[in-house]
Each structure stands twice: as C-alpha cells, then as structure tokens.
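Peer 1: My questions will all concern the structure given below.
Quick note: the coordinates plus some simple rules give every number you see, no bench work behind them. All values derive from a computational prediction rather than experimental measurement. Cβ placement follows ideal geometry from the backbone for every residue including glycine, while neighbour counts extend to all protein chains displayed.
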Amino acid sequence: MIMLLQLTGCGDSIQSSTAQQSSQAVISTTNEQSGQQTSVEEIPSVDEKPVISPSTPVQISLPGWSRESDNKKARPKENRDEWSEWRSMAAGFVARKRKMPETDTQQVLKRYASRDELKKNLKKGRSGKQAHLVKTSEAGLYKLTVPMLADLMGKRESKVRKLLSKGKYVKLGYQGDKAQWHYDAASDALYFVAQPYKSLFTTDNAFQLSQQGNGKFAMPQSGRKAGKPSLAVAPGTFTHTELIEQDNFSYPHLFKTADANYWVWKLVRDIAPFEESIQVTSPAESGVARMRIYLSGASDIQGGDDHRVTATFVSDGIEVEKFVTWDGFEKKIIELEIDQAALASGNGKLRLTTELSGSWELLDRIEIDYQREMHADSNQLWMKGLEAGTHTVRGLSSANVYLVELPTDQPVWRSDLLVTPEGDGNYSATFKLTATSDVLVSADTAINEPLVTADVPSNLKSRNKRANYLIIAPRGLTDTANTLKAYRQGTHGKVKIVWLQDIYDEFSFGRADPQAIRDFLKYTKERWRKAPEFVALIGRGTADHTNIQGKLDSWVPLQMAVTPWGLASSDASYFDVDADGVNDFSAGRISVVTDEEGVAYVNKVKNYESLAFDGNWMRRVVLAADDPDSAGDFHADVATAAAHVSQLGYDSEAYYYPTNDIGAVLRDSTTWESSVVGYMGHGLTGRLDKFLKKEDVASFDNSKGQALFLLLTCSAGNSNYPGYKSLSETLVFPDQAELDASGRFLKGAIASVAPTGKSLNADAGVLATAFYNAALAEHRSLGDAVTVMQSQSVGQVNDFMLNIYWLLGDPALVLN
C-alpha cells in the first residue's frame, strides 16, 4: 500500500524486491535539494534545523568540526564534552561540534543525591534486612567507612566495628556471588576491589550491600605471605596493555548485529584522514611494543577489496608503516611493531589514511602491549601476570599503601610490604611474590568512595504477582507513573508500577541492561499468577544511554533491530518474549523526559477518553499521499486505503500531491481533529518530505480532538538522536515549554504508529490494512491493534518490518 523511502530520504527508491539485499553502496546518497548523488556524509538539506535522515550519523566528521584530543592522550574518561547547536554547512549539509562543558554533567547526574539526602532516605522505614546498591565508575580500590556503614545499617559504630573485625555480617554481592572485602582498623574502613564495566547502557559496575547473619565475607590476609622484604629493589617492568579509545560518533545504520557497539572513534575517509598523538603511561626505554588498530568497513562500493588503509606511526625520526586491504563491512586489525624508545619520547603520532576514493572505514579503538615501568602515576597500579620475585612500585604520594593480590579472582589482603620514602616526597612499596600473580597497589589517596543508594526490596520473582496493566518507569518519572496508575486503575483494574532499577537489581545484578527488561517481562508471562495484558514503558530512550553528549534524555534504553540497511531502534524485543515476531503484550512507550511532560500526556489521554461522541471528527479519517515515483504509487495506495476505510464505516478524505497541497492539509489544525491521520510517502526522522516539519506542531490548535497518526514512511518514529525528538514524538508528547498555563498539551496526535527506520512499500501496505481492521473495525486498543497487525502479517512481510513499526502512546487507549 505504501512505500517508505530511502535512508536519506527521499531521493532514491526502495522496492520490495530489495528487502533481502544489503546496501551495496552505503555512501552513495542523495541530497534532497539537488537530487544529485554525493559521496559525503548522509545528511539531508538544511531547510530545517536539523534535518536528520535514518542513516544520518549522530555527528558529522568534517575537518575542524570534530573535537579530537589535541595532542593529548585519548582516554574513555575524557569524553565529557557538550555539543554546540546544529549549524548549516554548504551544499545542503548540517553539522555540530563539541565544546567543553563548565561542569561534568554526567557525574553530577550520577551523584544527584547528597550524603545528607541519602541518610534521610535511608532512615525512612529502615529494616534489619535493608539492602543498598553500591556503584563504582572505574577500576580500583574502594572503601566504605564505618560511620557510613553504621548509618546504612542503623547500628552503632562500635557494633559495626566488632562485626567487621570478625569478617562477618556485611555482604557485598557481585554478579550473583560475593565480593570479598577487608576491614582495616587503622583507617576504620571496609575496602573492596571493583573491576571496570562498560556497555552501551552504563559505565557503572554494581554491587549489592546487605546484612547477613551467617557466612564469612572478608578477604584472607597475607594468605600467600612470602615474607616482608628487608630492602627496596630497583623498579622493574611488566607487560601492560593500554586501551585508547573515544566514543565520538554513533552509526547504528552501519552495523549488522543487534548487539553491536555502534559508537566509534572516527570515520576515516580519503578526504578526512585520522591523525592522533599517541602516548602511553610510563613506558620503559627499551623493548618492542605491539599496537593493534581495530577497524571495520563502512561501505561496499566495488567488487573485491574496497578498503585500503595505511597506518603510519612516527616519533622522533622513527617511522613504522603498514597497510591492509579488505572487503565490505568486515572487521580488520592492523598490527604494528614499534620500538619502545619511540613511545618513551611521548612525541608519537599515528596517522590513518585510505587510498580509495569514496570508501569509508570506522576506527573503533587502539590497543598497545608494551613494557611499563612500575610507577604508580595515579597513586595506583594494577599489574597483571607479574612474575615471581621481589618488586618495587614507586611514585606513591602517601606512606599508607595497600596491596591486594589476585584482586579479581580470590583476593588476598597483603600486609607484608615494605614502604620507604623516596626523598622527593613520594614513597615506594616493595613486596614479594612466590608465583606469577595479579597485583593491585594503591596509596590511600587514590581510594574512592562508591555511590550508595537505598535498594528497596521488590520481590519481582514472586509467583503471586498479578497485574492487568503494568507500568515500567524510572523513579525519576514517579509522578507520571503514579498519575497513569491512578487513571488506569479506574479503567483496567489491577495496575502495577515496577521501577526500572528494581528490574535491574533482580535481573541484571543492578546494572542498566535492556535484556533485564525483556527477561522480566518473559518472567511475568511465564511465572506470575496473572500476567499483564498491557505494558507501558515510561521514559524516552536514545542511542546515547550513557550520556556521552550530555543531553540527559534517555531513561529507558533503546534496543536495536537488524534491517537490510543496518540497525534501527526497536522496542519489539522487549515485548516479543518468545521471538515469534508478535508482541506478547499490548505495549507502547510514553516517550517523555520530564514529569511535567508525562503528566501532561496522561491528562491528554484522560481528556480524549472523556469526550462525548462527535461523529463530525471521531469517524473522520484523513489520508495524504506523496507524488508517485519509483518508490511506490502513493496515489493508488491512498485511494485503496481510503476505499477500505470507507468500507469500515468511516468518512475518508484523500489528498494527493501535487494535485492537492497536502502540506497545507497536514499543517491545518482541523486535520488533526480526526480519528486517524495517515500519510504515505517519503519522510525522515523530523519531517515528511517537504510537507510537514516537527517545528510546525507548535502552531497547531486542535484542542477539540487529537488523531492517531499512522505514518507509512521512513524513520518518523526514530528516537535515536539525543536532544532531538522525532516527528512522532513531537506530535504526541509535549516539550515542557509547550505546556499551557494549566500544564496541558491538547493538540497534535493522541498516539502514533510509525517506523524507526527504512520501510518497504508492499510490506507497509499489509501492516496498514491489518491495523485499520483492528483499530477501526474491531475497536481494539492501540496496543492490541499493533499486536494484531503483527500476527496477521507474519509470513506476508519481511521479518524486520514487524520490529520497526511501534506504538508511541498509551497502549490501552481505544480510538473514539
């Protein structure tokens, strides 16, 4: 029935027959203004700000616009930049650049609660079995002081000291097991080791702190005691692997697996080579370093090898060069052997160039194996595979030094080390090993305190749970969840709120992970006494859940679905727990960022469902068609849809471009006072061809009624981009600034069903017919209508199409 256009929208067509083909030339795109092909980034025209297509990278890599490390070592923890507003460039492109923030907004967010606020919250209803979530942001040694533990447990400090000294009562859980700790009476604190953890959804590791009456949880002390050294020895070296990476750009459309890490460091092209200063920590003067450069192809422009990348490392007259070739979207590693003298100077530079015009390559990360001196540059040194013998670590700024052997396996607290002053205000620590082992050495000045929050017991795995309507929400959107619950209890009986962190606590060991949401919903389906019929996710999700760009607008993680043209965002895997292509719940997402926006949407639903019947608009369906082209005969498709809707008993109005000014129709507020507004044709994330832009919604005035928007086009439901709402989101959910004096948003659409990526003409027509039948003829809820749409289309459409069309709005809502 309709077709949805090209990734960059709109210049190239997609026929149903191409559904099983992969893109042969991802870089061959169309500029909307000229219709000309270009081999530059896939960014559409600048007649709106910004215009983003389904294939648009989150940022554009152009010389002078992407912040590189400026002769500084590139480390993951340095990616704390903010971003400028989008600016138009020449030839119909837009871009924005990084700028350094005044404060670290991500860290501020993580530590939003002060210690006093934590104490106040913990004192409310504290019980002897109160658990707490302990989060760490980087690898190393952490401590919890006795005064803090006493406050967390509601016990006297003297009692806590007594229990800790016995190695009992305090349990640190980690990934379903226990993490051993050490109590140091001299510093009056409990110490534990945290490993690094990083995913697309969190950079925090998580532990569970609880009180246990039985069991020993303390590390053994000096269990492998080799004897305290009598003298320091000359510091040696050890083999260390340095990871150098940056997450600068998001390219979901260039990856082919749903769990791919689509954040990369750099897009390398013939017109935009990569050049970066490379420095490692405390390299020895001699030895051979091995550098591994991780690349992947991002284009397939010719038969055979279409990538040729040369890596050149230069430092003080030393030059090492190597090239590799490969084909298509495969991954490739360039390995260089480098004299460590070139690293020790600190003047090394790496340059990556591609010699094939029009080819794209992605740089993911760089790893360097080298001999590192035993110098604690940050007052902490983690050494892996250290050989037996006597070793000295220098550069510690405090005489209070701690050593943990086998820190991530079976940790042993070593007290048999010799600490001596070095004469420059620093200290050295000497110790013995009887066998090859991993060792963590830390001065007390490098020890961090973790973030601790109360973990309210949730017991989601109880089989006695029941719900008709389930709300999954972050506690940051509590008012929205409570308002929706209060309303739906009156219409749908048993309504239950499940907080997102509780799901993480019980299904992913406290760490943010979308798989935990799916596992929880599967559990409710299989184990709860009454599984929910309706599920509402509350909270926007973007491709930047770890807040790299500082927009702070991703509450509930997005998952990705594989399409022939890369990845597209999808909630389908949450709700389709048996992976048969059909949702197992009537489900939708209320994609809001603040409680003001969320409560306004719930009130919008309440107002909609309270309206008296008005046949003038409640049985009205408005359909608009783009002009026919190789992508599809949109006029014929709309005519067919209009006839079908009329057979269902609705008054259909059909408008055809260019005969009708469908831009004027879609921008007319009275159009949206309908049961359904449908569009068939070309579109992008933020607009429908040249007819309707997300900015147009601000001028709408349709308080009398709001339509369901059925968008049979490309990407209009895509919420990937942080700080940038899709057209669907803009129509359905308010920005806080758009609320009227009463906090209402009675305009736009009541809900939308729209694709998050590129779609196929014939397949979309099948989906639309099934949806119209369920929503209009059978008067099913919108969530039910989407499920029926999927179930009746299995086997008739490409599988990926069932994953990219999703509902934004309340799943229990029934069209008037």
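Peer 1: Please report the Cα spread of the range 238-373 along all three principal axes, rounded to whole Å, starting with the longest.
Peer 2: 44, 31, 21
Peer 1: Using only the alpha-carbon atoms of the range 536-663, report the extent along each of the three principal axes, biggest first, to the nearest angstrom.
Peer 2: Over the range 536-663, Cα extents along the principal axes are 47, 43, 34 Å.
Peer 1: Using only C-alpha atoms and all pairs of different ones, pull out the Kirkwood radius for the range 456-575 in Å with one decimal.
Peer 2: 15.1 Å
Peer 1: Right, here's the next one. Please state the equivalent ellipsoid semi-axes for the range 725-764: what are the square roots of 5 times the Cα gyration tensor eigenvalues, largest first, in whole Å?
Peer 2: 29, 10, 5
Peer 1: By the gyration tensor of its Cα atoms, with a ≥ b ≥ c the square roots of the eigenvalues, what is the shape of the range 706-816: rounded for a/c under 1.5, prolate for a/b over b/c, or oblate?
Peer 2: Cα axes put the range 706-816 in the oblate bin.
Peer 1: Would you list HIS391, HIS492 from fewest to most Cβ contacts within 10 Å?
Peer 2: HIS492, HIS391
Peer 1: Report the extension gain between ASP416 and ASP519 in nm, rounded to one decimal, defined as 0.36 nm multiplied by the number of residues separating them, less their alpha carbon distance.
Peer 2: 32.4 nm
Peer 1: With contacts defined as alpha carbon pairs under 8 Å and 6 or more residues apart, what's the relative contact order of the range 345-487 in percent?
Peer 2: With pairs under 8 Å counted, the relative contact order is 23 percent.
Peer 1: Still on this structure: When a/c reaches 1.5 or more, the comparison of a/b and b/c decides; with that in mind, is the range 604-702 rounded, prolate or oblate per its Cα gyration tensor?
Peer 2: On the way: a/c = 2.30, a/b = 1.27, b/c = 1.81.
In terms of gyration-tensor shape, oblate.
Peer 1: Roughly how many Å is it from the Cα centre of the range 463-516 to that of the range 712-753, as a whole number?
Peer 2: The range 463-516 and the range 712-753 have Cα centres separated by 23 Å.
Peer 1: Relative to the present Cα-Cα distance, how much length would full extension add between THR257 and ALA234 at 0.36 nm per residue of separation?
Peer 2: Working: separation 23, 0.36 × 23 = 8.28 nm, distance 4.97 nm.
Between THR257 and ALA234, full extension yields 3.3 nm more.
Peer 1: Which percent of Cα-Cα pairs in the range 437-486 sits in each 5 Å bin, short to long?
Peer 2: Pair shares across the bins are 4, 11, 13, 15, 14, 8, 6, 9, 8, 8, 4, 0.
Peer 1: So for the range 238-373, averaging the separation of alpha carbon pairs under 8 Å that are six or more residues apart and normalising by length, what relative contact order in percent results?
Peer 2: Numbers: 352 pairs, mean separation 56.4, N = 136.
That works out to 41 percent.
Peer 1: Okay, moving on. For LYS178, give me every one of the aspartates and glutamates with a C-alpha distance below 16 angstrom, ignoring sequence neighbours fewer than eight places off in its own chain.
Peer 2: Partners found: ASP409, ASP505, GLU506.
Peer 1: Which FRET efficiency value, to the nearest 0.05, is calculated for LYS461 and ALA698 with the Förster distance at 41 angstrom and r the Cβ-Cβ distance?
Peer 2: According to the calculation, E is roughly 0.35.
Peer 1: Counting other Cβ atoms within 10 Å of each Cβ, which chymotrypsin sites (Phe, Trp or Tyr not before Pro) in the range 572-675 have at most 12 and sit in a DSSP loop?
Peer 2: PHE613
Peer 1: Okay, next question. Rounded, prolate or oblate for the range 458-519? Axes are the square roots of the Cα gyration tensor eigenvalues, ordered a ≥ b ≥ c, and the cut-off for rounded is a/c under 1.5. Before the final figure, lay out each step's value.
Peer 2: On the way: a/c = 2.65, a/b = 1.51, b/c = 1.76.
In terms of gyration-tensor shape, oblate.
Peer 1: Right, next: For a quick check: sort SER296, SER282, SER158 by the number of other beta carbons within 10 angstrom, fewest at the front.
Peer 2: Placing the least packed residue first, the sequence is SER158, SER282, SER296.
Peer 1: When Rg is the radius of gyration of the Cα atoms in the range 611-808 and Rh is its Kirkwood radius, what does Rg/Rh come to?
Peer 2: Working: Rg = 15.6 Å, Rh = 16.7 Å.
Reported Rg/Rh, Kirkwood definition of Rh: 0.94.
Peer 1: What are the ³J(HN,Hα) couplings of the range 371-388, residue after residue, when phi is run through the Karplus curve with 6.51, -1.76, 1.60 and θ = phi - 60°? Round to Hz, x for glycine and proline.
Peer 2: 7, 10, 6, 7, 10, 8, 4, 10, 6, 8, 9, 10, 10, 10, x, 6, 6, 4
Peer 1: So how much slack lies between THR436 and LEU739, counting 0.36 nm per residue of separation and subtracting their Cα-Cα distance, in nm?
Peer 2: Details: separation 303, 0.36 × 303 = 109.08 nm, distance 6.45 nm.
That pair, THR436 and LEU739, stretches by 102.6 nm at full extension.
Peer 1: Calculated FRET efficiency, ASN660 and THR310, Cβ-Cβ r, R0 56 Å, to nearest 0.05? Show your work: numbers first, answer last.
Peer 2: Values: r = 55 Å, r/R0 = 0.99.
The computed FRET efficiency comes out at 0.50.
Peer 1: Sticking with this structure for a sec: Evaluate E = 1/(1 + (r/R0)^6) for THR408 and LEU552, where r is the Cβ-Cβ distance and R0 equals 41 Å; express this FRET efficiency to the nearest 0.05.
Peer 2: For THR408 and LEU552, the calculated efficiency is 0.80.
Peer 1: Quick one: order SER675, SER442, SER703 by neighbouring beta-carbon count within 10 Å, fewest to most.
Peer 2: Ascending Cβ contact count within 10 Å gives the list SER703, SER675, SER442.
Peer 1: Take the alpha carbon atoms of the range 229-274, find their center, do the same for the range 342-363, and report the distance between the two centers in whole angstrom.
Peer 2: Going from one Cα centre to the other spans 13 Å.
Peer 1: Student exercise: in the range 456-575, how many lysine pairs 8 or more apart or on different chains have Cα atoms under 22 Å apart?
Peer 2: Lysine pairs meeting the criterion: 24.
Peer 1: Sticking with this structure for a sec: So for the range 680-816, averaging the separation of alpha carbon pairs under 8 Å that are six or more residues apart and normalising by length, what relative contact order in percent results?
Peer 2: Taking the mean separation of contacting Cα pairs over the length of the range 680-816, I get 25 percent.
Peer 1: Straight-line reach from LYS704: which aspartates and glutamates fall under 16 Å, measuring Cα to Cα and dropping same-chain residues less than 8 apart?
Peer 2: Within the straight-line limit of under 16 Å, LYS704 reaches these aspartates and glutamates: GLU609, ASP614, ASP668, GLU673, ASP740.
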